[in-house]
Structures are given as structure tokens and as C-alpha cells.
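What follows is a short report on a single structure.
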Amino acid sequence: MRIAVLGGGHGSHAAAADLSERGHEVRMWRRDADAFAPVIASRTITLVDYRGRREVALALATTDIGQAVRGAELIVAPTPAFSQLDIARALAPHLADDQVVLLPPGSFGSYVMARVVRDAGSRARIAFAESGTLPYLARKHGPAEVAITTRATRLPTGVFPAADSARALAIAAQAYPSVEPVEDALSGALMNAGPIIHPPLIVMNAGPLEHNERFDIHDEGTQPSVRRVTDLLDAERIAVREALGYAPPHFPLSDHYNSDRWMYGNTHDKLVDSGDWREHIDLASHRYMREDVGYGLAFLVSVADLAGVACPLARGLLSIGSAIVGEDLSRGPRTLGALGLASLDVAALREMLAKGFDE
């Protein structure tokens, strides 16, 4: 299958190398020409995993997004939520009927990108899907090298509009057989593990993160007190899903630590043992704060308001994160209010998610 992979981060490099090695025709796009120069020049990515280290060839590496997505059946965009608007605007003139855009994960970016593409004038019949996590635990070791610690074994995924779910997920499953259907894009967004695992880790470890040049929040940062907060925060997420009528499995994050039922199986020890997450984290700018608190947690709180679910931990972590960065993150761009959806009731929102936009 012809696949376009967008972005220049850990997940994008992992996706491009992994999907290409598995026989797909992969075209990779990144807008930063200087940072992308080593991949463009060699048209290869060095992949490191349990099988060792090897060079993986790509069909194309380009800074021309139109060239990357032309003729692609699947467009994979494992990019931060805060980059989705710009990517959607760049994509809009080049999309064609029946293409599928997969955001792993999305933070409700499936709806956001679909709206941006429509507002840009595109009337191509596109399905936007989002999953609960990246298909990989991965970290770049250089501008053209990525290490994959493990791959997802279960990938709950919702589609906007949900009416296109069967077709979109059939295409996504050709790249990721671990895809599992969920009801719609909001259900997929409420599977996103990032806003559950990362906010307690970055907020409750703010002191060590500022003091140490490198710190592993998944190792010494994951103490029993932090785990208790994470479990209760996840219970708020699950309560929101249940209040909205979404069915189990809800993929409780506790399974990440205790069971093989989670998206990567029981992989916490592999993550810690890799050493790849012992890193420098700037509290004001890191993706865990800007994306997982400022987008994901703010989104969760706004959906909890719609569902009538109290979420004191989510609100508290959002407030403390706001104090740390000196901004009110609850007023960010990914709340239902900011998206113009706060006036809808649950039934109206679910209907819009099923049918898509009115023409």
C-alpha cells in the first residue's frame, strides 16, 4: 500500500521505517529541510529494535507535502496536537477522495483537521481516524535514526465521520493490524493515554525535573503516590466515557503496569530498561505540558463538563500546570468551547460525529 508519513518526530521516523520495512511504499514528509537533510540525502532511516540495527530504505523523503500524499491510500500523521492545524492547512489542497488520515493519537484532532480541510475549500471525501496511542514506544537517537522499544498490540481507533468507519479502519488495518474499532472520533480521543499518564508525572515531578539535567519520569518519577494519582485520574476519564455511552473496553492505564491487556501489553519495565526516556524536560515547553496538559487534559475537562462528570484531579492538575507555565491552559484551543461545540448536547454531538458536516 502507498502510505504518506508526515512529521519529523519520534513517531514519524518509527512509522516511516517500520511501515517501509514491512513492504509498504512509504513517502515521508517533513517541513524542516535542514533537519530532514540526512534522510532526504540517503532516503533511509536507521532502525534499532530487538532485531538489531539496520538501514531501511524509503520510497521518498521530501519537503513537498503534495508530492508525499499524492496517490497515498493512507496518510499517517503521528505529530503533536499543536501541529495539526498547520498540517491540515498544508494538506487541504492535495487531498483526494477516499484517502484516510490516521492520527496516532489525535486529541480530537480528527474533528479539528477535518474542519480545517473543509474550511479551506476541500470537498474531497476524506476519513480522519485517531487512535489511543502511538503504534510504537520509540525515541530518535539521531536525525536519521530511531529506536523502537516495542510496538502496540492493540490500537483502539475512532473515525470522523463515524459513518466511514468500516472503510477507513480496513485501510488503516493494512498498515496496523492491531487497530480495534471504537464508536467514533470522540471515543478514540478519550482513549488517548498521554493526557492521563504524563500530566501527573510532569506536574508531581516538577522539582526534580527543574533540578536535574536528565530525569526519567517513568523510572524514579513513577512512585506509588504518583501511581495512585494516575489511577484516579484515569477513573475520571473512564467515568466520562461511560457517561457519554461509550462501551468497554476502556483500556485502563493500570494495565500498562500490571497486565498484557493494555495497548502495548505490560511494557513499563521495557520502557524503563531502554534508558531512552531519561531526558531533559523543560517544564514550560515540553510536549508533555503543551500537548498532554494544555490540549489533552483541557479537552478532557471540557468533555467532562458536557457529560456532567466531576473531575477534580483533572481540574487540579490543569490548574497546577497552568501555574507552572504562567498561562491559563484551561482556555486553550482544544476545549469544546474553543471548538464551538459547547452548545451541543450529548445527542447532538454524537450525531454530528456520526454523520460529519452538513454541506
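For this structure, a couple of remarks:
- Point-charge dipole on Cβ atoms (K/R +1, D/E -1) for the chain, about Cα centre, debye to 20: 600
- Counting only DSSP beta bridges whose two residues both lie in the chain, roughly 40 percent are antiparallel.
- A crude spin-label estimate for the pair R53 and Q174, with each label 7 Å from Cα along the Cβ direction, gives 3.5 nm.
- Gyration tensor (alpha-carbon) shape descriptor, the range 190-306, a/c threshold 1.5: oblate
- Positive-end residue, the range 124-217 charge dipole about Cα centroid, Cβ charges, pick of N192, A152, T133: A152
- Selected from G275, L253, P93, residue furthest toward positive end of dipole (the chain; charges at beta carbon): P93
- In the distance distribution for the range 249-323, Cα-Cα pairs more than 14 Å apart total 71 percent.
- Fraction of accessible area attributable to carbon and sulfur, the chain (%, probe 1.4 Å): 51
- The range 137-201 shape via C-alpha gyration tensor axes, a/c threshold 1.5: oblate
- Residue order for H24, H211 - accessible surface, 1.4 angstrom probe, largest first: H211, H24
- Kirkwood hydrodynamic radius of the range 56-189, from inverse mean 1/r over distinct Cα pairs, in Å: 15.1
- Qualifying GluC sites (Glu not before Pro) for the range 213-306 [loop in DSSP, other Cβ within 10 Å: at most 15]: E213, E220
- Accessible surface for the chain, divided over its residues, is 38 Å² per residue with a 1.4 Å probe.
- The range 1-147: antiparallel DSSP beta bridges as a percent of all, rounded to 5: 30
- Helix-derived mean residue ellipticity, 222 nm - over the chain, DSSP H n ≥ 4, -39500 (n - 2.57), to 500: -11500 deg cm²/dmol
The values are calculated or read from the model by the stated rules, or taken from the named source; none is laboratory data. No experiment lies behind these values; they were computed from the predicted model shown. All Cβ positions, even for glycine, are placed from backbone atoms using ideal geometry, and neighbour counts span all protein chains on display. Accessible surface areas use protein heavy atoms only, side chains included; no ligands, DNA or RNA. Shrake-Rupley method; radii C 1.70, N 1.55, O 1.52, S 1.80 Å.
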